[in-house]
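Taken together, the values in this text are just the output of simple stated rules run on the coordinates, not laboratory data. Fair warning: this is a prediction, and the values are worked out from it, not measured in the lab. We place every Cβ from the backbone using ideal geometry, glycine too, and count neighbours over all the protein chains shown.
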Amino acid sequence: MTPSHQAPPKGARPPGEHDVGGHAFRDEEAEPSPPSPGPPRRITWKKLVLVPAVLTVVLVATYLWITHVELDSIARNSLAGDIVEVRWWQHVRLTAISTFWVLIIAIPLGIALTRPGLKKAAPGVTVIANIGQATPAIGLLALLVIWLGIGPSTAIIGMVIYAVLPVLSNTVAGLNSIEPTLVEASRGIGMSAMGTLTKVELPLAVPLILAGVRTALVLNVGTATLATFGGGGGLGDLITSGIQTQRMPVLILGSVLTVVLALLVDWLASLVELWLTPRGLEEA
Amino acid sequence: MSETVTGPTETPAAGTTASGATIRLENLTKSYPGNPAPAVDNVTMDIKAGETVILVGPSGCGKSTTLKMINRLIEPTSGRIRINDEDVTDMDPVKLRRKIGYAIQSSGLFPHMTVAENIALVPKMTGWSKSGVKDRVEEMLDLVGLDPREFHGRYPRQLSGGQQQRVGVARALAADPPVLLMDEPFGAVDPITRDHLQDELIRLQHELHKTIVFVTHDFDEAIKLGDRIAVLRERSHIAQFDTPEAILTNPTDDFVSGFVGAGAALKRLNLTRVRDVGIADFPTVTVEDPLQLIFDKLRDGSHNELLMLDRRNRPYKWLRRGDLMRAKGSLARAGQLVHDTVTRDATLHDALEAVLTDSGGRVAVTGRRGEFIGVVDMQTLMNSVHELLEADRLTAMEHQHDLEHLRGHQTEQELEGGGSGL
């Protein structure tokens, strides 16, 4: 072929410029295209280092403070042995397991609610999910304890109900925000419904879905502190015993660790988000 | 064009270019629940293999719906679709669509895939080998005029609108389908780029001979691209289905002539080439002729004017009777240089343009190497256009007559059939 911009233009117009009705028009195609950019660094060192560095400083400071502050026997009892470590890992486990179930439930449900057959059910399901989140978490947990008894699984069920909404609504929103012409193009060139979902719709919805997952994770770290009321353990144990025994250092340690965990989880999730977002969707 | 795609593991589609297939739509109807009037009502249309058919009509007339029923993105309520005499109305739509290229407005490229990944989609799905797909991608990029090395790894958002559209066409053609459906593919690009893309499509079609069904609301685009044009009115009723010439010169009714718009005769000029009209002779001299001969020719001949050719027989100067006198016998300053020439392949539109801008009201026609062939003047142009229009009108009338005859015959038969049934 002879691309327009290679054809010598009549008269004095420079290559790629056209004379239309006495006005010069530049051919869009003829504009020098920028050299193909090399793979830009998706995860900058700032992103990698900043948050962990701050968190480490906070942790070290808290450690120094707690080992030097005067503790009476009650406070010492609350922090005895590896009790802090056990509570930390309980908390992590609670968060991980509840988030796992949230993903297992909310993403497929979100996908199902955007399929033609179930589209009509979407508002109803969103209302139910909304109720799950609008209910105060502590009240929800109390009700579940009455119904299911005390134990970690009760706490996890409560957390899942609480955190399904952001992932579900973001999955639905992510899939619905895809241009209908793209879905049509995909069907039009002969992709099956499954192929369209896995190769086109889900990759395009990834940024929004992951944003929902990130919200759910941070929510779960927070609600996991309430697991203590359902007998689920976690850092909430430290906080409540600090309050009950009026020992400030215990309360502060529990709170600081929760905050650090929430920020750490959020940071990890942001890295995963960057890593999973398709290259073509990144901002230029 | 497919020589590069060879290999023992290749599908039959590769290696040779599949040229067009026939498409037959029989009484195709689409109605939506809750709407008593069908969106597309009883469309019957025969499309020949290798033909470019344009569906043109006002927005909302159902042209897009009709197109999407061919690859069954929209399932027809009733009627049949046959491609190459094979009834595809009940075929697995996914399999059907892999054999039909599909290009849409604003390209429909997937933003999360590179240009190469976009083009490779259909060949991959139809089971081409890895190396076959890779070669094919390069070949298709080449075909639509994009440098494979440069564009291979780019993402759609890094391309201009026109480039995206080219990739869209490349993707549609990648698995070498015999049929190509295009739904207002050039609707979203600026006029200049659209012009280039249209030229490009004409060139591609010249090479590939696919059967193309093309939807647009732009009648000029339809005239430029179509072998035949179907002008559709509401509910996809075919108002006229004919060659661009026939529609321009003899629109069947007010709706069609309204759609053709003003200047049908001017648009008609784009469909005829200079070679089709009478190219008149013109007295010539060459620069090597002695001055005396030129004088004699001017004085004796019935012409007031001569065309002087250069050493390679190319038009050089128009010489009028008075010119030589005024130039005081020096040829160097006499006459008027030839500004514009047309080739035999130029459209009458171009020729008219040249004639109108020339002070003498004529233009020299040249051959492939620029050698003089003859001239076309205003009179010739006008006569030819009149003749053309008249001829068009006659053919159209004959056609009309045939149609009426056929219709009359059909009604007769139906009446008879009805009578015997009673």
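If you average the C-alpha positions of the range B:184-261 and of the range B:350-418 separately, how far apart do those two centres end up, in angstrom?
18
Treating the range B:154-267 as a set of equal point scatterers at the Cα positions, no solvent, please give the Debye-formula log₁₀ I(q)/I(0) at q = 0.13, 0.14, 0.17 Å⁻¹.
-0.56, -0.65, -0.90
With a/c under 1.5 counting as rounded, go ahead and sort the range A:45-281 into rounded, prolate or oblate using the C-alpha gyration tensor (a ≥ b ≥ c being the square roots of the eigenvalues; past the cut-off, prolate if a/b is larger than b/c, else oblate). Mind showing how you got there, number by number?
Working: a/c = 3.72, a/b = 1.80, b/c = 2.07.
In terms of gyration-tensor shape, oblate.
What is the calculated FRET efficiency for B:Lys297 to B:Asp227, with r their C-beta to C-beta distance and R₀ = 45 Å, to the nearest 0.05?
Working: r = 48 Å, r/R0 = 1.06.
Efficiency, rounded to the nearest 0.05: 0.40.
How high is the FRET efficiency between B:Asp310 and B:Arg393 when r is their beta carbon distance and R₀ equals 51 Å, given to the nearest 0.05?
Working from the Cβ atoms, E equals 0.75.
Under 8 Å for C-alpha pairs, at least 6 residues apart: give me the relative contact order for the range B:23-267, rounded to a whole percent. Display every interim value, and only then the final one.
Numbers: 456 pairs, mean separation 66.2, N = 245.
Result for the range B:23-267 is 27 percent.
Say the cut-off is 27 Å between C-alpha atoms; which of A:Lys120/B:Lys30; A:Lys199/B:Lys134; A:Lys120/B:Lys99; B:Lys48/B:Lys224; A:Lys199/B:Lys210 go over it?
Working: A:Lys120/B:Lys30 24 Å; A:Lys199/B:Lys134 19 Å; A:Lys120/B:Lys99 34 Å; B:Lys48/B:Lys224 18 Å; A:Lys199/B:Lys210 29 Å.
Pairs exceeding 27 Å: A:Lys120/B:Lys99; A:Lys199/B:Lys210.
Describe numerically, in nm with one decimal, the distance between label points set 7 Å from Cα along Cα→Cβ at A:Trp101 and at B:Lys134.
4.8
Picking from B:Lys317, B:Lys68, B:Lys30, which is most flexible by a Gaussian network model of chain B using Cα springs under 10 Å?
Of B:Lys317, B:Lys68, B:Lys30, the most mobile in the Gaussian network model is B:Lys317.
With an 8 Å cut-off on Cα pairs and a minimum separation of 6 or more residues, tell me the relative contact order of the range B:239-370 in percent. Display every interim value, and only then the final one.
Numbers: 159 pairs, mean separation 26.8, N = 132.
Averaging sequence separation for qualifying contacts and normalising by length gives 20 percent for the range B:239-370.
Rounded to the nearest Å, what's the spacing between the alpha carbon centres of the range B:123-151 and the range A:244-284? Just the number, please.
First find each Cα centre; the distance between them is then 45 Å.
Say we join alpha carbon atoms closer than 10 Å with springs in a Gaussian network model of chain B; which of B:Leu25, B:Leu306, B:Leu291 then has the biggest fluctuation?
B:Leu291
Compute the long axis of helix B:348-357 from its Cα atoms, compare it with the longest principal axis of the Cα atoms of chain B, and write down the angle in degrees, 0 to 90, nearest 10.
The helix B:348-357 is inclined about 40 degrees to chain B.
If you take each beta carbon of peptide A:179-186 and count the beta carbons of other chains within 10 angstrom, what is the mean?
Values: counts 3, 0, 6, 7, 1, 6, 14, 4.
Shielding by partners across A:179-186 averages 5.
Among all the aspartates and glutamates, which ones have a C-alpha under 13 Å from A:Lys47's C-alpha, if same-chain residues fewer than 8 places away are not counted?
Of all the aspartates and glutamates, those that pass the test against A:Lys47 - Cα under 13 Å, at least 8 places apart if same chain - are A:Asp266, A:Glu273.
Which order do the peptides A:227-234, A:140-147 come out in when sorted by mean C-beta neighbours inside 10 angstrom, highest first? Don't jump to the answer; show the numbers that get you there.
Values: A:227-234: 23.2, A:140-147: 16.1.
Going by the mean number of other Cβ atoms within 10 Å, highest first, we get A:227-234, A:140-147.
Taking 7 Å along the Cα-to-C-beta vector as the label spot, tell me the B:Leu406-B:Asn383 distance in nanometres, rounded to one decimal.
Each label point lies 7 Å from its Cα, and together they span 3.6 nm.
For the pair B:Asp147/B:Tyr32, report the inter-label distance in nm, with labels modelled 7 Å from Cα in the Cβ direction.
4.7
Would you work out if the protein assembly as shown is rounded, prolate or oblate? Take a ≥ b ≥ c from the square roots of the eigenvalues of the alpha-carbon gyration tensor; rounded if a/c is under 1.5, else prolate when a/b is larger than b/c, oblate otherwise. Intermediate values should be presented prior to the final figure.
Values: a/c = 3.68, a/b = 2.06, b/c = 1.79.
Note, shape of the protein assembly as shown comes out prolate.
With springs only between Cα atoms under 10 Å apart, run a GNM on chain B and tell me which of B:Gly335, B:Gly50, B:Gly161 wobbles the most.
Largest GNM mean-square fluctuation: B:Gly335.
Compute the relative contact order of chain B as a whole-number percentage, counting only Cα pairs closer than 8 Å that sit 6 or more residues apart in sequence.
On the way: 741 pairs, mean separation 62.3, N = 422.
Dividing the mean separation by the residue count of chain B yields 15 percent.
Would you mind ranking B:Met378, B:Met113 by Cβ crowding within 10 Å, fewest neighbours first?
On the way: B:Met378 15, B:Met113 20.
So the residues, fewest neighbours to most, are B:Met378, B:Met113.
Taking the beta-carbon count within 10 Å as an exposure proxy, list B:Met125, B:Met325 from fewest neighbours to most.
B:Met325, B:Met125
Report the Rg/Rh value for the range B:275-381, based on alpha-carbon coordinates and the Kirkwood definition of Rh.
Working: Rg = 13.7 Å, Rh = 14.1 Å.
We get a ratio of 0.97 for the range B:275-381.
Taking the Cα atoms only, what angle lies between the long axis of helix B:115-125 and the longest principal axis of chain B, rounded to 10 degrees?
Approximately 50 degrees, to the nearest 10.
Would you order A:Arg247, B:Arg368 from fewest to most other beta-carbon atoms within 10 Å of each residue's own beta-carbon? Intermediate results must be reported in sequence, preceding the final value.
On the way: A:Arg247 21, B:Arg368 9.
Fewest-to-most ranking of A:Arg247, B:Arg368: B:Arg368, A:Arg247.
Please say if chain B is rounded, prolate or oblate, where rounded means a/c under 1.5 for a ≥ b ≥ c the square roots of the C-alpha gyration tensor eigenvalues, and otherwise the choice is prolate for a/b larger than b/c and oblate otherwise? Mind showing how you got there, number by number?
Values: a/c = 2.82, a/b = 1.56, b/c = 1.81.
Oblate shape, in that a/c is at least 1.5 and b/c is the bigger or equal ratio.
What residues qualify as long-range amide H neighbours of B:Val285, i.e. H under 5 Å apart, gap of 5 or more or another chain, H built at 1.01 Å from N?
Counting only residues 5 or more places away or on other chains, the set is B:Leu307, B:Met308, B:Leu309.
Quick check: net charge around B:Asp218, other residues with Cβ under 11 Å of its Cβ, Lys/Arg +1 and Asp/Glu -1?
Numbers: positive: B:Arg194, B:Lys224; negative: B:Glu184, B:Asp220, B:Glu221.
My count for the surroundings of B:Asp218 gives -1.
R0 = 45 Å: FRET efficiency of A:Ile83 with A:Ala134, Cβ-based, nearest 0.05?
Given R0 = 45 Å and the Cβ-Cβ separation, E is 0.80.
Give the lysines whose C-alpha is closer than 26 Å to that of B:Lys317, dropping any in the same chain fewer than 8 places away, or say none.
Cα-Cα hits under 26 Å: A:Lys10, B:Lys297, B:Lys328.
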